[in-house]
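Structure first, then comments.
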Amino acid sequence: MISRQWRGLCKPEHAQAYVEHLQGDTFPAIRKIAGFLSASILSRRTHEGVEFLIVTQWESIESIRGFAGAEAEAAVVPAKVHDMMVEYDHVVRHYEVVV
């Protein structure tokens, strides 16, 4: 199993809209991809905004390519999300789940 992790710092006034985007658009779409297992939204307030860590679990790196394309490490950030963010990772981190 592979854990895919992406971090973004959201403008405080857009934090709720970003969560709604994930729950209404992103997560329903990735649930349809073979090999997708689960998704979590972690958040914390900072001085600059609301930091989100999005963690998805996948059966394999090949499953992730069904979402991200050939460059599995490339972040998938829709245009409408760009304006919500102060900054965000352009490259994601993948970890093999040991336990």
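The table for this structure:
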quantity	calculated
So S43, is it surrounded by 12 or more Cβ atoms within 10 Å (Cβ to Cβ), part of a strand (DSSP E or B) and polar (S, T, N, Q)	yes
Options V99, V86: the member that is assigned to a loop (DSSP other than H, G, I, E, B) and either in contact with a Leu (Cβ under 8 Å, 6 or more places away or on another chain) or at pLDDT below 95 (or both)	V99
Matching residues in region 65-91 - criterion: being surrounded by 14 or more Cβ atoms within 10 Å (Cβ to Cβ) and in contact with an Asp or Glu (Cβ under 6 Å, 6 or more places away or on another chain)	A75, V86
Counted residues, region 1-26 - those being under 14 Å from the mean Cα position of the chain (by Cα) and farther than 16 Å from K80 by Cα	6
Residues within region 27-60 that are in contact with a helix residue (DSSP H, G or I) (Cβ under 9 Å, 6 or more places away or on another chain) and polar (S, T, N, Q), tallied	2
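The values are calculated or read from the model by the stated rules, or taken from the named source; none is laboratory data. Just so you know, these numbers come straight off a predicted model, no measurement behind them. Using ideal geometry, Cβ is built from the backbone for each residue, glycine included, and neighbour counts are taken over all protein chains shown.
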